[in-house]
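The values are calculated or read from the model by the stated rules, or taken from the named source; none is laboratory data. Quick caveat: nothing in here was measured; it's all calculated off a predicted structure. Note that we place each Cβ from the backbone using ideal geometry, even for glycine, and neighbour counts take in every protein chain shown. All accessible areas refer to the heavy atoms of the entire protein, side chains included, with ligands and DNA or RNA removed. Shrake-Rupley method; radii C 1.70, N 1.55, O 1.52, S 1.80 Å.
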Amino acid sequence: MEHSNQFLGTERIGKLMRSYAIPCIISLLVGALYNIVDQIFIANASYLGSYGNAANTVVFPLTVVALAIAVMIGDGCCAFVSISLGQDEVHRAKQSVGNAVVLCVVSSLVLTAVYLLFADTILAMFGGTVNAETYHHSQEYFFYITLGVPFYMFGQAMNPIIRADGSPRFAMISTLAGAVLNIILDPVFIFGCHWGMMGAAVATVIGQVVTAVLSVWYLLHMKITRPEKGDYRLKGTICGRTLTLGMTSFLSQISLVAAMAAINNMIRKYGALDPVFGQEQYAQIPMAVVGIVMKFFQIVISIVVGMAAGCIPIVGFNMGAGKSARVKELFTKLLLAEAAVGAVALVLVEVFPRRLIALFGAANESVYYTDFAVKSFRIYLCMIILACVNKACFIFLQAMGKAGESTALSMVREVVFGVGFALLLPRFFGLDGVLYSMPMSDLLTFVIAAYLIAKTYRELNTGTLCAE
């Protein structure tokens, strides 16, 4: 074999973390910036403002559905490939890559068809009918974003697979190229051409096409796991294991969609009862603001997930090779780094919320917008340190092949607590209850995560840990 990943079992852990995590962080940050950059330019366009922001918030969860499917396939394949290479089973790694490509293409085309057929119903489901202007902008943005779904999903799914093949830098560059193009085209289309929501969406899709084309090129030139013709034939065992390992990534994303649907509808329901936001001209403000808070959270989580997901090839290889001491060292360093990221984010949201809000066009909005935004940042993200540690725990367990524990923990956080509190707390606290839902979810999830972290350390110390 011309290329090998054996260095994953011998190189210093700290150096490996930097080599793999940093490109992954940049890749995910850049991917997150697609929607965030759109929202920044939309918010600062006087003819769109908070209506455009609210429309962006409505469509955002629907792009996350596409991302959820893509990362389930991509992260699952990445973990499968890494474990297989650690066990010196290159042929199984190649089969996983070939099957992942087919799964991604088919699922993206199906999702695009569903979106186009049921567009109006879907937008209404995610709060797009809060007022007529928001609904109009949502329809326009959603249509063009939907046309780019196959390209978006392919680029996102291939990103972790490229990292598993030993090319984290190329994974970063392919994503960065598309995002930079989006950043360049957004102001041209929104301010120069005055295309509004369509301009923001078209700029995004063009960037996604570039990333997808670069991913196809890499697929044809892979170093270690380039699939052969027969590897593209779907096999139940390969697909099943790949999707099982990627289930945590899927749940962590798709549950955000469920939570956003619950939150958006609770905002619409209880905002209508608020003396200020119950007025037609201010009705879109809570939805726009919560969308902005979620975008900041997405930036932080992109760093957190990037650190953890970047370590998947390292963890998987060393698990496959039976090197539990190295896995333990990596787990310790990762948890400390994730907590540090959360601490920095906490200082930003509690001390500098007005500066964060200013990025999203607050100067063009009413005092009600600013006041609600400050409160939202400080309450909704007050447990962000625990959120970072929880997310690291999900992904690390997934990387070790502990799909059952990882999936269960993710389900509890994202569905039971995330959706449950979003629906329950507003009944007692009104509109503010929406803001309490996330900190409550992360606090209770951390109690469970702490137990699983301690259990994992015991198993690593005794050498009894094995992939499921």
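Numbers for the structure displayed
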read-out	value
Acute angle (nearest 10 degrees) that the helix 168-187 long axis makes with the longest principal axis of the chain, alpha-carbon atoms	20
Options T237, S249, M260, ranked by Cα towards positive dipole end of the range 196-314, top entry (Cβ charges)	T237
Y232-F118 pseudo-label distance in nm [points 7 Å out on the Cα-to-Cβ vector]	3.0
Rounded accessible area per residue of the chain, 1.4 Å, Å²	37
Pairwise Cα inverse-distance average, inverted: Kirkwood Rh of the range 14-73 (Å)	13.4
Potential lengthening between R378 and V90 on full extension [0.36 nm per residue; Cα-Cα distance subtracted]	98.8 nm
Apportionment of accessible area to carbon and sulfur, the range 94-154, percent (1.4 Å)	75
Estimated translational D of the range 155-276 in µm²/s (Stokes, Kirkwood radius over Cα pairs; 37 °C; 0.692 mPa s)	184
Accessible surface of Y141 - all protein chains present, 1.4 Å probe, nearest 10 Å²	0
Extension reserve of the Y451-A339 stretch, reckoned as 0.36 nm per residue once the Cα distance is removed	38.6 nm
The chain: angle of helix 90-117 to the longest principal axis, Cα-based, in degrees nearest 10	20
Check: the chain dipole with +1 on Lys, Arg Cβ and -1 on Asp, Glu Cβ, in debye	1160
Tally of Lys pairs whose C-alpha atoms are under 18 Å apart, taken over the range 316-419, 8 or more apart or cross-chain	6
Three semi-axes of the equivalent ellipsoid, the range 71-199, Cα gyration tensor, whole Å, largest first	35, 19, 10
Under the Karplus curve 6.51 cos²θ - 1.76 cosθ + 1.60, θ = phi - 60°, whole-Hz ³J(HN,Hα) for the range 433-445, x wherever Gly or Pro sits	x, 4, 6, 7, 5, 6, x, 5, 4, 6, 5, 5, 5
Convex hull projection area averaged over all views, the range 392-452, Cα basis, nm²	3.9
Percent of C-alpha pairs per 5 Å bin, the range 322-468, short to long	2, 9, 16, 17, 16, 14, 10, 7, 5, 3, 1, 0
Alpha-carbon spread of the range 191-254, three principal axes, descending order, Å	51, 31, 18
Cα point-scatterer Debye curve for the range 267-408, base-10 log of I(q)/I(0) at q = 0.09 Å⁻¹	-0.39
Rounded if a/c under 1.5, otherwise prolate or oblate - the range 1-146, Cα gyration tensor axes	oblate
Degrees, to the nearest 10: 285-310 long Cα axis against longest axis of the chain	10
Principal semi-axes in Å for the range 229-323 [√(5λ), Cα gyration tensor, largest first]	42, 17, 10
Under 5 Å, built H, 5+ apart or other chain: amide partners of C382	none
Gain on full stretching of the segment that runs from Q281 to H136 - 0.36 nm per residue minus C-alpha separation	50.7 nm
Inter-part distance where the range 395-468 and the range 71-85 are each reduced to a Cα centre, Å	22
Mean shadow area of the range 305-361, taken as a quarter of the surface of its Cα convex hull (nm²)	4.6
